[in-house]
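Just so you know, all these numbers are worked out from the coordinates, no wet-lab data involved. All figures in this text were calculated on a predicted structure; none of them were measured in a lab. Cβ: placed from backbone, ideal geometry, glycine included. Neighbour counts: every protein chain shown.
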Amino acid sequence: MKKLITTILICSLFLLFTDSSKASVLKLRYFEFGKYTVKIGSSAYISSGSSIIIHNLVPGKKYMKIIRHHKPTPLHPSFKEVVFSGIINIPEGAKVTANLNRHYGLNITRIIFFNTVPASVHNVNQAVHHHHNQPDGFMSLKRTIANASFDSDKLRIAKQASINHSLSSKQVREIMELFSFESTKLKYAKFAYSRVLDPQNYFIVNNAFTFSSSIRSLDRYMQKFQM
């Protein structure tokens, strides 16, 4: 019996260690000091202060809701207010830092991967390696795309970056601005949408378009993911 218990304990510790190597951490900063409840999937986390750190998150796209608890006043009773509701993409084995701003928008400000992977000999992978906490890496990616002769080659490199690395909406917009043709910008915007870190901020990529028809086409494409 003791041997069985010991075996189960060892297996449990092994599984815990294995899972923790893939789990991620979210550090969320609020725009104002107070009491908040953060709901991610079926889990809820309550905090008082200006930030919260949530450990052992399973990576992937998560529905997150942030609720602010307002203190009662002589004129108003206490009440709860939803200050954010949307999707957040948590990369595997990373610490994600996000800021909730006063306009109830969520901005991903930093991503640090726990296990540093050696840079690939492929120039695209070198360009985007840990670009979130190393701005030079993203600049290198942009130079690689800009140096390509044709839009088709630029699009191929951009797609490789989006597949292998998590980009923000702002970075997608900056990449779109490197394309010469409107049709290429639209193709990449559609391709990157399902892979972007902060889809709730994807509206900013519209600034890269010249024609309103492209904005409408992207909007119709995005609607398919919300049905």
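Here are a few things to note about the model shown:
- Neighbours of Ile88, meaning other residues whose beta-carbon lies under 11 angstrom from its beta-carbon, give a summed charge of +2 when Lys and Arg score +1 and Asp and Glu score -1.
- Fully extending the segment from Ala44 to Ser213, taken as 0.36 nm per residue of separation minus the present Cα-Cα distance, adds 56.7 nm.
- Cα radius of gyration and Dmax for the stretch 123-226 (Å): 12.8, 36
- Rough spin-label spacing in nm, given labels placed 7 Å along Cα→Cβ, for Ser149 and Glu32: 5.8 nm
- Two-site label geometry, Ile204 and Arg156: point separation in nm, points 7 Å out along Cα→Cβ: 3.0 nm
- Each residue in Ser78, Ser217 was given a count of other beta-carbon atoms within 10 angstrom of its own, and listing them fewest first yields Ser78, Ser217.
- Residue order, fewest to most beta carbons within 10 Å, for Thr37, Thr97: Thr37, Thr97
- Cα centroid separation, the stretch 38-102 to the stretch 170-222 (Å): 27 Å
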